[in-house]
Each structure stands twice: as structure tokens, then as C-alpha cells.
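Peer 1: Pasting a structure below so you can have a look.
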Amino acid sequence: FSNVVGLIIVPQGGPVKARGFEFETTAAPAKGLTIGGSLSYTQTTFTDVNPVLVTQAGGDYSPALRAPWTGGLWGQFESQPVFGDATVMFRMDGNWHSRFWLSQNRVTLIPAFSSLNTVAPSWTVNARLALRNISIGGANAELAGWVRNLTQNREIAFGNQTLRLLGSANYVPARTFGADLTVEF
């Protein structure tokens with residue numbers, strides 16, 4: 001395609017500056033229970049941006065595809081042995097992000113595509129229940145059931161506008177269920 005139409009590369013320009021913080025914590029408040037969380041913030045700025053890019057972006061050129069705030073919470077409980085060495089383990093985790101831009105281009109000519117500009121803040125929650133340390137003829141097994149995107153988050157994960165006239169999007173994968181059987185020998 002680039003051989004026919006040609007390829008134009010526009011250098012972004014000056015340096016990119018990023019600053020922020022990350023915080024993570026883990027606690028074991030009771031026997032078998034572990035909980036944790038994280039929070040991070042990143043502020044990214046572009047300096048001395050090529051004027052061609054600023055004009056195309058409607059006078060604003062900001063970071064895209066990165067939420068300034070992200071966080072997560074998780075908890076895991078593992079029981080005492082229920083038979084032999086077998087234990088029951090339950091884990092739940094959630095990942096959160098703040099609103100973020102999908103493109104440096106803040107201008108939308110077609111109102112129906114305005115939702116392709118940003119992703120709203122959202123949580124994605126996952127859960128897993130497992131029977132662990134099952135002894136089977138000298139082998140160690142684990143049987144688990146899990147669900148991803150338990151809350152059915154339907155946010156856009158990536159969006160694109162082409163020439164400000166066409167739009168497309170990829171979404172967070174739908175709720176998914178599964179089971180695993182792991183055998184170690």
C-alpha cells in the first residue's frame with residue numbers, strides 16, 4: 001500500500017516527559033487470607049511538538065492509549081486441608097483505569113464516532129475457585145473454574161478514526177468462563 005500511495009513520516013518533535021508514582025501493598029490479616037492493592041499515576045507531557053501534528057490534532061497534542069490513573073484490588077483465601085493435603089482456594093481481582101484518550105486527535109467530524117475519542121473509567125473483575133493439592137497416584141493435581149470479566153465490562157479497549165471519516169473499535173473481551181485441570185508428576 002505504501003508503495004502505491006506513498007509513506008509520510010512526521011517526526012513528533014521534542015522530548016517526552018513522564019512523572020508519577022506507583023504504590024502496591026499486600027497484607028495477610030488472617031490465616032489463609034491475603035489481600036492487596038495497587039495505585040499508579042503517570043503524567044505525560046510532550047514539549048516542542050511538530051506544528052503539523054498540533055494542527056492536525058485541533059491545537060491539542062496529548063498522550064493517547066494510557067490512562068493517567070490505574071489501580072487494582074485483589075483478595076485470595078486458601079482453606080486448611082479439606083481431605084488429605086487438598087485445599088480450596090478462592091481468588092478475586094479487579095483492575096481499574098481512569099478515563100483516557102484513544103487518539104491524539106481530539107476532533108471528531110462525525111458525532112456518531114465521538115465515543116471513539118475516549119474510554120470511560122471502568123473496572124474489569126475476574127474470579128477463580130480451585131481445589132488444589134489433590135493427590136492422584138503420586139501426582140499432584142489442581143481442578144479450577146474461573147471467570148474473566150465477571151461484571152461484563154463493555155468498554156472500548158482500542159478505537160480508531162481514519163481520515164476522521166471512518167471509525168472502528170475493539171472492545172474488552174466479553175465475560176468468559178473456563179475450567180483448568182493441572183497435573184504435576
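The values are calculated or read from the model by the stated rules, or taken from the named source; none is laboratory data. These figures come from a predicted structure and were not determined experimentally. Using ideal geometry, Cβ is built from the backbone for each residue, glycine included, and neighbour counts are taken over all protein chains shown. With ligands, DNA and RNA removed, areas are computed over all heavy atoms of the protein, side chains included. Shrake-Rupley method; radii C 1.70, N 1.55, O 1.52, S 1.80 Å.
Peer 1: What are the residues in the range 16-55 that are modelled with pLDDT under 80 and not in a strand (DSSP E or B), if any?
Peer 2: T47, D48, N50, P51, V52, L53, V54, T55
Peer 1: So which residues in the range 79-88 are open to solvent by 50 Å² or more (accessible area, probe 1.4 Å) and either under 13 Å from L131 (Cβ atoms) or β-branched (V, I, T) (or both)?
Peer 2: P81, V82, F83, G84, D85, V88
Peer 1: Pairs under 6 Å by beta carbon, first residue more than 12 Å from R154 (Cα to Cα) in the range 166-178, partner open to solvent by less than 60 Å² (accessible area, probe 1.4 Å) and modelled with pLDDT of 85 or more, six or more apart or different chains?
Peer 2: Close Cβ pairs (under 6 Å, with a partner that is open to solvent by less than 60 Å² (accessible area, probe 1.4 Å) and modelled with pLDDT of 85 or more) amount to F177/V147; G178/W146.
Peer 1: Now for a separate question. Name, by its number, the condition in (1) over 25 Å from P68 (Cα atoms); (2) modelled with pLDDT under 95; (3) not hydrophobic (A, V, I, L, M, F, W, C) that does not hold for E155.
Peer 2: For E155, the failing item is (1).
Peer 1: A follow-up question, please. Looking at the range 89-125, which of the residues that are open to solvent by less than 30 Å² (accessible area, probe 1.4 Å) and among the β-branched types (V, I, T) is modelled with the lowest pLDDT?
Peer 2: V119
Peer 1: Could we say that P11 is at pLDDT below 95 and either more than 25 Å from the chain's Cα centre (by Cα) or over 25 Å from I156 (Cβ atoms) (or both) here? Walk me through how you get there before you give the answer.
Peer 2: Numbers: at pLDDT below 95: yes; either more than 25 Å from the chain's Cα centre (by Cα) or over 25 Å from I156 (Cβ atoms) (or both): yes.
Against the criterion (at pLDDT below 95 and either more than 25 Å from the chain's Cα centre (by Cα) or over 25 Å from I156 (Cβ atoms) (or both)), P11 qualifies.
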